């Protein structure tokens, strides 16, 4: 009788010549994908909405269960229900914390939106510029002499982010295509 790494005994006759592992820890099972972890590369305003008031999050706070809300919304909700509005976990006001990273991302997002509005552009629900690319080219060509350095910086930031998004989508499509060929 042989002893496995985990201290359990196994007999050679129990698997009569098969290569079946006797130690459960040596059996590998595929990792399950966590539900709700669909990742997109789109910088969408919906990502920054408070699930309570449905506006852009003001002063982001995160609960112990990992959900983020506006500070005012979550404190009112906790005072009323003493539970997380998303998962119903018990939460007190001592168990919410500032989410500085998200607050900074939302500030940058607001600046980006303000920069788009300054040029008369908006984003529609498909996250594409509502104005045609030709209109943007015409605007830049005709008004480039009137643009200030901050205007140019905003445009460069927006276009750089769009370029990175398109490159990431292209890479993902190539990887998906390669996987389908295997």
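Calculated FRET efficiency, residue 178 and residue 102, Cβ-Cβ r, R0 25 Å, to nearest 0.05?
Approximately 0.15, to the nearest 0.05.
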Region 43-106 shape via C-alpha gyration tensor axes, a/c threshold 1.5: prolate
Residue-span extension gain [residue 136 to residue 157] - 0.36 nm each, minus C-alpha spacing: 6.0 nm
Separation of the residue 112 and residue 168 label points, Cα + 7 Å toward Cβ, nm: 0.9
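Coordinate-derived values only; no laboratory data. Predicted model, so just to flag it, every value in this text is computed and none were measured. Glycine gets a Cβ as well: all are built from the backbone with ideal geometry, and neighbour counts include every protein chain shown.
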